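Bear in mind these aren't lab numbers, they're just calculated from the coordinates by the rules spelled out. Quick caveat, the model's predicted, so the values are computed rather than measured. A quick note on method: Cβ atoms are made from the backbone with ideal geometry, for glycine too, and the neighbour counts reach across all protein chains shown.
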Amino acid sequence: MRKVPVEQTNDRPVTMGTLSKRNGGPMAAPRSTRASSSSRRPVVPDVIVEEAIHLFAEHGYPVVGMRDLSKAVGIQSGSLYSHIDSKETVLLLIVEQGINRYIDALSAAATPDLPPDIRLRLAIRAHMSVVATSPEQTKVTFQQWHYLGPDNRARVVELRQRYEDIFLNIAQDGIRDGVFRKVPHIKATLLTLIGGLTFAAEWYSSSKSDSPEQMADAIADALLNGLMTPAEGANASGARRRR
């Protein structure tokens with residue numbers, strides 16, 4: 001597997017601390033409360049992934065070094081390599097787990113036996129539910145995967161296609177069944193929807209927003225109003241939304 005090259009400063013990897021000195025300002029280190037709590041936990045892959053998700057989401061993958069990650073986990077940086085072989089390996093694991101989580105949730109909710117408009121609404125609900133439960137991993141999954149090397153990016157592109165195909169198949173079934181209008185450039189329309197959904201982790205807050213289901217229904221209403229044929233739209237509002 002090709003690894004992302006690490007920028008060097010005096011033959012040492014650039015971490016948040018060394019990068020901040022060159023940029024003329026301090027970069028916040030991992031929070032001591034997390035580091036101290038992590039040091040009392042057994043070092044297992046799940047702990048490393050959990051801390052990496054937090055660091056990558058808060059600071060960005062490029063500026064987080066292995067020393068930052070080892071400090072958050074609560075072990076020496078050299079010991080971290082006995083658990084993982086590179087920072088990119090951790091990022092790939094986070095991204096693949098994140099996308100698969102969305103694929104599983106959407107596939108379970110939007111089963112093929114349901115009408116296309118209901119499937120689309122349930123798929124959006126499932127997506128927002130995952131956003132609400134894992135906002136940090138969502139940010140890393142959909143916004144930082146491009147830091148992977150070429151071979152790993154290719155793996156992620158294939159996985160992302162499976163996720164996008166769930167929405168595309170629903171739309172195509174709806175057009176075939178006469179539930180949705182024949183919208184020009186339907187894939188571009190859906191990619192716009194997907195882009196908005198994946199960005200929801202940036203603005204959704206369980207303490208400030210409505211429930212994930214309420215937010216999903218608002219998004220679904222706006223989308224379905226543009227997709228559904230007039231007859232289907234008149235028949236579907238109300239009863240189908242209550243599902």
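Some notes on this structure:
- Phi-derived couplings, Karplus 6.51 cos²θ - 1.76 cosθ + 1.60 at θ = phi - 60°, listed residue by residue for the stretch 222-228: 5, 6, 5, 4, x, 8, 6 Hz, with x used for Gly and Pro.
- Stretch gain in nm, segment Asp210-Ile103, where the contour uses 0.36 nm per residue and the Cα spacing is subtracted: 36.1 nm
- Note, ³J(HN,Hα) from phi for the stretch 71-77, Karplus 6.51, -1.76, 1.60, rounded to Hz, x at Gly and Pro: 5, 5, 6, x, 9, 5, 4
- Coupling constants for the stretch 84-101 follow from the phi torsions by the Karplus curve (6.51 cos²θ - 1.76 cosθ + 1.60, θ = phi - 60°), and in residue order they are 9, 9, 6, 5, 5, 4, 5, 4, 4, 4, 4, 5, 5, 4, x, 5, 4, 4 Hz; glycine and proline get x.
- Cα gyration tensor category, rounded, prolate or oblate, for the stretch 59-148 with a/c compared to 1.5: prolate
- Once the Cα-Cα distance is subtracted from the 0.36 nm per residue extended length, the Lys182 to Ala222 segment shows a gain of 12.7 nm.
- Two-decimal log10 I(q)/I(0) for the stretch 135-206, as the Debye equation yields it once each C-alpha is a single scatterer, q = 0.12, 0.15, 0.24, 0.25 Å⁻¹: -0.43, -0.63, -1.08, -1.12
- Cut-off under 5 Å, modelled amide H: who pairs with Met228 long-range: Arg181
- Separation in nanometres of the label points that stand 7 Å from Cα toward Cβ, at Gln172 and Glu96: 2.6 nm
- Taking packing as the residue-averaged number of other Cβ atoms within 10 angstrom, the listed peptides 134-143, 177-186 run from highest to lowest as 134-143, 177-186.
- Taking amide H positions as modeled 1.01 Å from N, with prolines and chain starts lacking one, no residue 5 or more places away or on another chain lies under 5 Å from Ala110.
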